[in-house]
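Notes follow the structure.
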Amino acid sequence: MTVFIDDLSDNQENIKISFINEINTEHLPKFVSYTANCVLRNESLAEEFESVSLPCDCKNLCDQKCPCSLNSNAYSNHKLSQEYNNHTGRPIIECSELCNCFENCNNRIVQHGIQFHLQVFKTERTGLGVQSKEFIPKFSFVCEYAGEIIDEQEAYQRLKNHSPDDSNYIYVLKEHSSDHKYIKTIIDPTYIGNVGRYLNHSCSPNLISVPVRAGSMIPRICFFAKEDIFPLQELTYNYGEECIFDESGSSHINSCARKCLCGSGNCCGYLPYVNDNWLK
């Protein structure tokens, strides 16, 4: 028996997000709510993202002189530029509705939403996962990691209420600023989220995560194809830092770390683990 849902996004995405289970009769765990974009858990958080970027006055289509994308080298031909460095590159700020340029400007990608038919499916080893029903070219935008934006106190409370077997979906983004400080954004899609919630970890991922600001100064965690991705290939990203192996060939792991089941040829053996201070 096959379990199938035509669109778990309830028409909130450009393209239907289907679900299929051809392994058993388990249904998709229900969200409290599906959201295509991040939502603020508390209005007080809005104060941290009040500022907006100045709009550009480019004519028709923007070029490299556009003040929104100046010197970022982020996008090229409506994809992530192969020259963009996720570690040292400048922040990506897309043109907004306040800008004078056209809607098909090259600096407008994430804001147009999902462009490929993604499907949540039951995997053989790792529970639920995400695959594409069509070919995704290298550097294309795939989806974002949408959920509730929460503060540290709320994050700690939610983790405290977790049982040892519960999955932790909280994503902590830390962006370093010029004054040796960092901007922290905490996203939790446990109760409210999108298809990005079901992306699995891999030690050899085919997606990379990039923070992008589109329409506001709230950063979005956006996934781009690291390589050409073929139909029905599972979409994955690395949940944390690369594993470090000692001379004996075993990785330095914490006793609380979970076994990694990605099946990659260079699998570390365990999922990335962070200590108790990872939210700070």
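Which FRET efficiency, nearest 0.05, do Glu97 and Tyr182 yield, Cβ-Cβ r, R0 25 Å?
In this case the efficiency is close to 0.30.
Which residue, chosen from Pro231, Val212, Ala155, occupies the Cα position most advanced towards the positive end of the dipole of the chain, where the dipole is computed from +1 (Lys, Arg) and -1 (Asp, Glu) charges on Cβ about the Cα centre?
Pro231
Just to confirm, what accessible area per residue do you get for the chain at 1.4 Å probe, in whole Å²? Write down the numbers at each step before the final one.
On the way: 15930 Å² over 280 residues.
Solvent-accessible surface per residue comes out at 57 Å².
Could you pull out every one of the lysines with an alpha carbon less than 17 Å from that of Lys16, ignoring same-chain neighbours closer than 8 positions?
Partners found: Lys30, Lys133.
So if I place +1 on the C-beta of Lys and Arg and -1 on the C-beta of Asp and Glu, and nothing else carries charge, what would the dipole magnitude of the chain be about its Cα centre? I want it in debye, nearest 20.
Here the size comes out at about 260 debye.
Between Lys259 and Ile15, what FRET efficiency follows from the Cβ-Cβ distance if R0 is 30 Å, with the result rounded to 0.05? Mind dumping the intermediate values first?
On the way: r = 34 Å, r/R0 = 1.13.
About 0.30, to the nearest 0.05.
So between Glu134 and Met217, what do we pick up on full extension, going 0.36 nm a residue minus the alpha carbon distance?
Contour length minus the Cα-Cα distance gives 26.7 nm.
Give, as ranges by residue number, the residues of the range 83-117 whose backbone N falls under 17 Å from the point 7 Å along Cα→Cβ of Asp63.
Label zone hits: 100-102, 105-107.
Run down the lysines and flag those whose C-alpha is under 23 Å from the C-alpha of Lys174, throwing out any fewer than 8 positions away in its chain.
The qualifying lysines are Lys160, Lys184, Lys226, Lys280.
Given a 1.4 Å probe and every protein chain left where it sits, what share in percent of the accessible area of the chain is carbon and sulfur?
Carbon-and-sulfur percentage of accessible area, whole number: 47.
About the Cα centre, and with charges only on the beta carbon of Lys, Arg (+1) and Asp, Glu (-1), how big is the dipole of the range 143-226? Nearest 20 debye, please.
The calculation lands at about 260 debye.
Quick one: if you stick a label point 7 Å off each Cα along the C-beta vector at Asp7 and Leu40, how many nm between them?
So the two model labels end up 2.9 nm from each other.
How far, in nm, would the chain grow between Asn168 and Gln153 when pulled straight, counting 0.36 nm per residue and subtracting the alpha carbon separation?
3.8 nm
Which one, His117, Ile20, Leu61, projects farthest toward the positive side of the charge dipole computed for the chain from Cβ point charges (K/R +1, D/E -1)?
Positive-most Cα among the choices belongs to Leu61.
The values are calculated or read from the model by the stated rules, or taken from the named source; none is laboratory data. All values reported here derive from a predicted model rather than from experimental measurement. Using ideal geometry, Cβ is built from the backbone for each residue, glycine included, and neighbour counts are taken over all protein chains shown. Areas reflect the complete protein model, heavy atoms only, side chains present, ligands, DNA and RNA absent. Shrake-Rupley method; radii C 1.70, N 1.55, O 1.52, S 1.80 Å.
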